[in-house]
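Each remark here refers to the structure printed beneath this line.
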Amino acid sequence: MTVVLSPAAVQDIAELRQLYFDVYGHGYPLPLGSDPAVMRRLITEGTAHWLTARTGRGDLVGSAVVETDPGSRIGKLVGLAVHPGHRGGGLASRLTAAVCEEAFGIGRLDSVYATVRVVTEGPQHVVVRNGFRPLGLMPNAVEVEGCESLALFARYGNGVLERRAPVERVPERLAALLTAASSGIGIDYAATGRVAGRPAVRSVTGVDPIELIAAPAFVRRRFLERFPVAGDRYFPLHTPNAVLVAADGSFEAYADLDPVAGSCALVAVHPRPAAVTGAMEALMTAVQRAGADYAETLLPLADTEALETFLASGFVPSAVYPAMRRIGDRFHDYVVLSRTGRQIDFRTTAVSTLLQPYLSAYLSAWTSTYLPVQEVSR
């Protein structure tokens, strides 16, 4: 059957919502598939590339979006959906190729990333066929049909990876992740030095509860006041809607909290990440009470102090994003660290061959963080 791709229009919103319902039921966690106001904004404001697929009879059977953050020159492939009655003919791959070509074609993006469900291998193969490279695995990252893990992939513009800034040393606990990246992405991290890290902190007693303020407009204003320089608030495509405040005022942790997806992105800490040392258990308790069992943060690979703060607080290296951020004429690597409050169960996870090294790296890092040394050595 002939399928025609075309840009999404406001009049498509009702059909698009029906498509996402047909594909995901009530479990789709993103507002671009359910919230008409968000969908209208993405279609009309010009910061997203949204393609639809229609049959010759006019039935809407596919959708794919690349959201962009022009300031950081990064995009995210989201909302890829093909109606169950039209799968198996390569439409998902065709939509992915077309929407990425359109996004890169404007010349304002250095990379596009995708977080891919791993309940089946199909979505992994779709992005790989379209030039995406595997970057890591985030267990328990989202609520869709139950608690699911996601894989991170990225596709780069021409010459981006060749202009990476070197990193002299990283915490030893990142070694397994970087080894996986060396084979999965084709980047040689062998020359990067390793430094011994602090032991993990399981819990700290005597820490006052953390206050969570969920007032999006206030939080955004406060965030800009605390981080007036754009480079200090780098977390593409995430805007904080909550702030976690220490009772003594020693830190403010800004978060993009999504109870529907069961996730939380820790966007930035004021005055610096190390300020949360010793308080992470209380902070995570507050996040979980707000409905998020999964938390992640994004840190520069070269920021050893910040990485050690979160690694010592139970966060596990999950993914590395080479050449993520452009500063001048060089690109800088970043790392995703994550922590989950639920038991991790990989029995229903379909991990492709390309992701196997990342699964092994995660299991190694999780073991060294949460199992006593004597248990590991047995």
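What net charge is computed for the residues neighbouring Thr52, neighbours being all others with C-beta under 10 Å from the C-beta of Thr52, Lys and Arg scored +1, Asp and Glu -1? Summing Lys/Arg as +1 and Asp/Glu as -1 gives -1. When each of Trp50, Trp366 is scored by the number of other beta-carbon atoms lying within 10 Å, the sequence from fewest to most is Trp366, Trp50. Footprinting exposure proxy ranking of Thr309, Thr115, fewest other C-beta atoms within 10 angstrom first, gives Thr115, Thr309.
Computed extension gain for Glu101 through Thr353, at 0.36 nm per residue and net of the alpha carbon distance, reaches 88.1 nm. For the pair segment 31-61 and segment 139-189, the centres of their Cα atoms are 30 angstrom apart.
Within segment 33-51, whose backbone N sits under 18 Å from a point 7 Å along Cα→Cβ of Ser6? Answer for segment 33-51: 43-44, 49-51.
This model, with +1 at the C-beta of Lys and Arg and -1 at the C-beta of Asp and Glu, gives the chain a dipole about its Cα centre of some 520 debye.
Out of Phe251, Phe104, Leu224, whose Cα points farthest toward the positive end of the dipole of the chain (charges: +1 Lys, Arg; -1 Asp, Glu; placed on Cβ)? Projecting each Cα onto the dipole axis, the largest value belongs to Phe104.
Between Glu305 and Ala274, the simple spin-label model (points 7 angstrom out along Cα→Cβ) gives 0.4 nm.
Using a Gaussian network for the chain with springs between C-alpha atoms less than 10 Å apart, which of these wobbles most: Ala312, Ala81, Ala14? Comparing Ala312, Ala81, Ala14 in a Gaussian network model of the chain, the most mobile one is Ala14.
When the chain is treated as a Gaussian network with alpha carbon springs shorter than 10 Å, the biggest mean-square fluctuation among Arg40, Arg325, Arg117 belongs to Arg40. The 3J(HN,Hα) values that the Karplus relation (6.51, -1.76, 1.60; θ = phi - 60°) gives for segment 314-320 are, in residue order, x, 7, 10, x, 10, 7, 10 Hz. Gly and Pro appear as x.
Beta bridges assigned by DSSP with both partners in the chain are antiparallel in approximately 85 percent of cases. Between segment 235-314 and segment 328-364, what's the alpha-carbon centroid distance in Å? Each part's Cα centre sits 19 Å from the other's.
Every number here is computed from the coordinates shown, using simple stated rules; none is lab data. This structure is a prediction, so every number in the text was calculated from the model and none was measured. Because the Cβ atoms are built from the backbone with ideal geometry, glycine has one as well, and the counts that use them run over all protein chains shown.
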